[in-house]
1. Between their Cα atoms, which of Lys202/Lys246; Lys46/Lys169; Lys46/Lys166; Lys166/Lys202; Lys101/Lys246 are more than 24 Å away from each other?
2. Give me the distance in nm between label points sitting 7 Å out from Cα along the Cα-to-Cβ direction at Ala58 and Glu185, one decimal.
3. Where Lys and Arg each count +1 and Asp and Glu each count -1, what net charge lies around Thr81 among other residues with Cβ under 12 Å from its Cβ?
4. Under the 0.36 nm per residue contour assumption, what length would be gained going from the current alpha-carbon distance of Asp231 and Lys246 to full extension?
5. Tally Lys/Arg at +1 and Asp/Glu at -1 over every other residue whose Cβ is under 12 Å from the Cβ of Ser52; what's the total?
6. Please order Phe255, Phe113 by the number of other Cβ within 10 Å, starting at the fewest.
7. For a footprinting-style exposure proxy, rank Tyr99, Tyr70 by other Cβ within 10 Å, fewest first.
8. When a footprinting reagent is the concern and you count Cβ atoms within 10 Å, what order do Arg142, Arg241, Arg76 take, fewest first?
Amino acid sequence: MTWKRSHRRDTLAVVVVATLLAVASGCSSDDGAAGSPSPSPTATDKPLVGASCPADVAGGTQVRFGADDYLAGVVRGTGTTGVVLSHEYESDSCNWLPYAKTLADEGYLTLAFDFAGNGASDLSAGTQSNDADVKEAAAYLRAHGADHIVLMGASMGAQASLNDAKDVKPEAIVSLSSPWTFGGESVDPSGVLAPVLLMAGKADSGGGFADSARLIASKAPSKHKTLKIVDSAEHGTALLRSSQAKTVEHEIATFLATYAPATP
């Protein structure tokens, strides 16, 4: 399922589930070395990535990819397990760059990119979508040495990551604050066969994103689902800077070590 971009930005909508659905079996719930070729930057006079967070870009490699190099991002790290980091609504790769460094230090090859029409990325053709952008990012990492892919996203980036599971076939998926509905269409968890970690803040949007996480968990067919609702009102990557940051980082690190460990 993809949706077309008719405007530069689309309105984010969250479906708040009135009655909490029981999470399908297989979920756990809790409230509360270089080995890959180095990516080559694309020669371009297009805007640079991370204009609002230059300190976080430093040490990474700015790249462009996709048809006519319409997408821009920052690659950091090495190894053959690649992590696509997809940002949230009205943001850009600066969302993820601090955590990209953490992942790189742990041995992962990371790509934090700007969705088309955001940050340094060009507005794509009318038939393109957030889902297509995530696929392009995964293809870029595979072309630059990644044998295993992790899709990690926040909010709209999380929804796109879940939607792309069927086609990308990642080793694992990490979703922070995915909405059930964005851009007028609902997430499609039917292709989520890989292990998936679904996290959200208990008080984010009055509990709407926590309800969305529970609903996605109940419908995803994966046999390895972890649902973690933390005691926070923060959204997306802000969870990594919240009072629950240590819990969130621990959950992600444990999940990745189990299902998609860093490989040289």
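1. Lys46/Lys169; Lys46/Lys166; Lys166/Lys202, as the Cα separations exceed 24 Å there.
2. 4.1 nm
3. -2
4. Full extension from Asp231 to Lys246 adds 4.2 nm.
5. Around Ser52, the charge tally is -3.
6. Lowest to highest Cβ neighbour count: Phe255, Phe113.
7. Least crowded to most crowded, the residues run Tyr70, Tyr99.
8. Fewest to most other Cβ atoms nearby, the residues stand as Arg241, Arg142, Arg76.
None of the figures in this text is laboratory data; all of them are computed from the coordinates on show. All of these numbers come straight from a predicted model, not from anything done at the bench. Methodologically, a virtual Cβ is constructed for each residue, glycine included, from the backbone with ideal geometry; neighbour enumeration extends over all protein chains shown.
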